[in-house]
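To start, the structure under review is shown below, and the notes come after it.
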Amino acid sequence: MNERQILDRLRDCIANLDIEGVREASEQALNANVPAIKAIDEGLLRGIQMVSERFQAGEFFLTEIIVAGAAMEEGLKVLRPHVKKNEIENKLGTVIIGTVEGDLHSIGKDIVCMWLQGSGFNVVDLGVDIQTDKFVETVRAKNPIILGLSSLLTSTMPEMENVITRLKIAGLRCKVKVIVGGAPVSESFAEKIGADAFAPEAVAALNTCKEWASRG
Amino acid sequence: MKVKERMMAVLHHEEPDVIPFSAYTVLVPRGDVERELRSMGLCLVDVVYGVHGINTPDVKMQTTEAVASLNANDRLLCVTKQKHVLDRVYFTPLGKLNEKYTANYATSEWPAEWVIKDVKDYEVAEYILDDTEFFPRYDDFVKAEKMMGNDGIVEAIAPKSPIQSMLYELLGYKTFALHYHLHRKEFDQLFRLYTRKQLEMYKVIAESPAEVILSFENITGTMTSPKIFEEYCMPFYNEAAQILHSKDKIFMVHLDGKLKCLRDLIAKTPIDVIEAFTPPPIGDMTIEEALATWKGKVLWTNFPATEYLEAGLERVEKETISMLNSAAPGRDFAMAVTEDIGDIMSLEYMKVLTTIARQVAEHGAYPLAKTSPSPVACR
């Protein structure tokens, strides 16, 4: 197999949710001296792009997205140790993400993390049930370009506004873009609380973050 | 019509005098506001968990509870913010399994660690399920119904369907997705056993004095895809409904997610009532679309209160009228607030609730007249 065929195989294995195939193709890429960063960018990420297109077309659902994420992780396990430092880390900047206080849901957040990491962002996943102070402290310490807030409960949505208010008080709001998401969250809610964007699903979140990162 | 009579008329596909408006009792404020709401015809809805008792002769369960560490500020300011972690261990002759729950704000429990973490856990999980016996326990329901009288209805809660139980209670979404794709044999074997046991449970529930049986399915089409719904949910609904209908029960399912991709499949189910149906912007189907697609089913529609909590009461008024207008003439239609929106004693929430109740009382006379769409309806 030549380089192009190996990269296509990586892409197809991701798109076909073939975890074992991704591991094999990643090893094959290294054995054929394909640069690891190229295998990630032109193999794995092209596969993820196909998965996201199938998701947007209504052919794939969250279960498929999760398996695609597991396949991506399997490939990264093999390829990442061979990526030169700074080739991938911080390529697009840092994103801090977490589910707001009182809310233990992680599904949406985890999927967004997976897509962002796979796309070259440095992701700091704070987890679930995160206190407002923790968001503010981490933004101060890590200097991210984006803060992602997730909530799946109507009762915890107001916490998103609290985080934004506290960022303003701390003088950090102008330094970071804020994107919000979660089943009960809407565009109008995002606007009302002063977020920069609302993402109805993971692919939209990824696209918004990429757009912001490209603007610098 | 009395409040209960009005709601039951709709659930029986009969004509009410006014479109019913309801709220779960836990979402209704107390005191003057409650009196005002009820004077405007609010129907209380109480739910009773466990009209079936559960016994596991060969499985022992041990639960430990710990208060998660909080900062000093939290401790001083708000005891209700204590976070409890429940660690439940199941001991069986084949080994043990555990699950962890975190309870926040003393209102709800959320799984933090699921029972099945690995494919090797299926054997023990199956043992636990197979060991489970169900028996009637109807006293709490009878008491609740007596207390409620004609002020509302009491529903008996049935568990989530087997596939939704596997997703929410046994596997969690990540393991669910991976095992569904990679370990289908074990996944399906557990599903079949779960189905058999839950149908045993439904038989006990069907013998209960409850007329209305509600399952909190919480299905959303993004997670429960049409393929999963068709293969795993629908056959179960068919069997469960057969059991319930043979005893003249009303089979009601809580479906408050995004349902557009499932709409044609839901139409084919024998579910009698789509409870907590939530229109856009939270859901993705309009009331008109739902009523047209699910002819013959009752649409008990949730007012998406969170969207309008701070939008102003004028907006709430318009939205309520718009929802009624969308449902005209109102056959098989009821309205409700079914979403936990946080502090039910907050002034904003109380005002929203009373505004909806007032609009339904003023504009909800059956049959509803279709008027030209308001700007809100067109948004």
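The values are calculated or read from the model by the stated rules, or taken from the named source; none is laboratory data. Since the structure is predicted, the reported quantities are computational estimates derived from the model, not experimental observations. Here the Cβ positions follow ideal geometry from the backbone for every residue, glycine too, while neighbour counts run over all protein chains shown.
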Exercise. Collect the residues in segment B:245-259 that are surrounded by fewer than 20 Cβ atoms within 10 Å (Cβ to Cβ) and of a type in the set (D, E), keeping them in residue-number order.
Key: B:D248
Exercise. Scan segment B:201-215 and report the pairs whose first residue is surrounded by fewer than 22 Cβ atoms within 10 Å (Cβ to Cβ) and whose second residue is modelled with pLDDT under 95 and small (G, A, S), with Cβ atoms within less than 9 Å and a gap of 6+ or a chain change.
Key: B:V204/B:G53
Exercise. Please go through segment A:3-26 and pick out each residue that is without any contact (Cβ under 8 Å) to a residue 12 or more places away in the chain and of a type in the set (S, T, N, Q).
Key: A:Q5, A:N16
Practice problem: Enumerate the pairs (first residue in segment A:118-129 and within 14 Å of chain B (Cβ to nearest Cβ); second residue anywhere and among the polar types (S, T, N, Q)) with beta-carbon separation below 8 Å, excluding pairs fewer than 6 apart on the same chain, so at least 6 apart or on different chains. | Solution: A:G127/A:T99; A:G127/A:S106; A:V128/A:T99; A:V128/A:S106; A:D129/A:T99; A:D129/B:T102; A:D129/B:N104
Self-check item: Looking only at segment A:130-156, and only at residues there that are touching a strand residue (DSSP E or B) at 6+ places or on another chain (Cβ under 6 Å) and within 13 Å of another protein chain (Cβ to nearest Cβ), the one that is modelled with the lowest pLDDT
Solution: A:T156
Quiz prompt | Cβ pairs under 8 Å, 6+ apart, first in segment B:180-194 and more than 14 Å from chain A (Cβ to nearest Cβ) and touching a residue at least 24 places away in the same chain (Cβ under 8 Å), second assigned to a helix (DSSP H, G or I) and polar (S, T, N, Q) | solution = B:Y194/B:S165
Quiz prompt | Residue that is within 14 Å of the chain's Cα centre (by Cα) and not assigned by TED's automatic domain parsing to the domain that holds A:V203, where the choices are A:A36, A:A68 | solution = A:A68
Exercise. Test A:E159 against the stated conditions and say whether it is in contact (Cβ under 8 Å) with a residue 12 or more places away in the chain, within 12 Å of chain B (Cβ to nearest Cβ) and over 29 Å from B:N218 (Cβ atoms).
Key: no
Quiz item: Just one of the numbered conditions (1) over 22 Å from the mean Cα position of the chain (by Cα); (2) crowded, with 20+ Cβ neighbours inside 10 Å is not true of A:A170; which one?
Solution: (2)
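Just to check your reading of the model, which residue among A:F189, A:F198 is surrounded by fewer than 23 Cβ atoms within 10 Å (Cβ to Cβ), within 12 Å of another protein chain (Cβ to nearest Cβ) and either within 21 Å of B:P279 (Cα to Cα) or small (G, A, S) (or both)? Steps first, please.
Working: A:F189 fails: surrounded by fewer than 23 Cβ atoms within 10 Å (Cβ to Cβ).
The match here is A:F198.
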Quiz item: Under the condition of being hydrophobic (A, V, I, L, M, F, W, C) and within 20 Å of B:I282 (Cβ to Cβ), which residue from segment B:215-251 is farthest from the other protein chains (Cβ to nearest Cβ)?
Solution: B:F216
Practice problem: Would you mind finding the one in A:L44, A:L79, A:L62 that is within 14 Å of chain B (Cβ to nearest Cβ) and buried (at least 22 other Cβ atoms within 10 Å of the Cβ)? | Solution: A:L62
Quiz prompt | Matching residues in segment A:95-118 - criterion: being surrounded by 21 or more Cβ atoms within 10 Å (Cβ to Cβ) and polar (S, T, N, Q) | solution = A:T99, A:S106
